Amino acid sequence: QVQLVESGGGLVQAGGSLRLSCAASGIIFSISTMGWYRQAPGKQRELVAGITSGGATNYADSVKGRFTISRTNANTRVYLQMNSLKPEDTAVYYCNANLQGFVYWGQGTQVTVSS
């Protein structure tokens, strides 16, 4: 059974930083594309950042230069380092795994940025 468990969310002031972590199990992590998505109230879920099995990354324009996605295959974790946070970054952040077309989601972690 595939499980993705996020942690690291919380309340932070604008300009601050948070690091999200996602622990994956039950999946061949090393060949999975991993990603972070977010969903704000009343808005659609959107891709924040993704990282392929080979380490190639992509980011939403709104977070480029502020957020960094990384992964460690040894402990099957993916991270999202979020710096210079803005109130508009407030959302539930979800970890995502894509293994050859099979898509899995975590339960989400709340990030709230106060102005």
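Numbers at a glance
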quantity	calculated
Any hit, segment 59-69, residues being surrounded by fewer than 20 Cβ atoms within 10 Å (Cβ to Cβ), among the polar types (S, T, N, Q) and closer than 20 Å to residue 17 by Cα	yes
Residues satisfying the stated conditions in segment 5-22, i.e. in a strand (DSSP E or B) and touching a Ser or Thr at 6+ places or on another chain (Cβ under 9 Å)	5, 6, 7, 10, 11, 12, 13, 20, 21, 22
Filter result (open to solvent by less than 10 Å² (accessible area, probe 1.4 Å) and over 12 Å from the mean Cα position of the chain (by Cα)) within segment 70-88	85
Pair list, Cβ < 9 Å and 6+ apart or interchain, from segment 38-57 residues that are at positive phi to residues that are modelled with pLDDT of 95 or more	55/70; 55/71
Residue in segment 23-45 that is under 15 Å from residue 95 (Cα atoms), in contact with a helix residue (DSSP H, G or I) (Cβ under 7 Å, 6 or more places away or on another chain) and not in a strand (DSSP E or B) present	yes
Residue that is farthest from the chain's Cα centre (by Cα) [pool: residues in segment 89-115 that are open to solvent by less than 40 Å² (accessible area, probe 1.4 Å) and within 17 Å of residue 2 (Cα to Cα)]	99
Output for segment 48-75, where each listed residue is among the charged types (D, E, K, R) and part of a loop (DSSP other than H, G, I, E, B)	64, 66
Positions within segment 36-58 being basic (Lys, Arg) and surrounded by 15 or more Cβ atoms within 10 Å (Cβ to Cβ), in sequence order	38, 45
Which listed residue, of 111, 103, 92, 78, is among the aliphatic types (A, V, I, L, M), in contact with a helix residue (DSSP H, G or I) (Cβ under 8 Å, 6 or more places away or on another chain) and in a strand (DSSP E or B)	111
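The values are calculated or read from the model by the stated rules, or taken from the named source; none is laboratory data. Since this is a predicted model, take the numbers as computed values, not measurements. Cβ atoms come from the backbone with ideal geometry, glycine included; neighbour counts cover every protein chain shown. Protein only, heavy atoms only, side chains kept; ligands, DNA and RNA dropped before computing areas. Shrake-Rupley method; radii C 1.70, N 1.55, O 1.52, S 1.80 Å.
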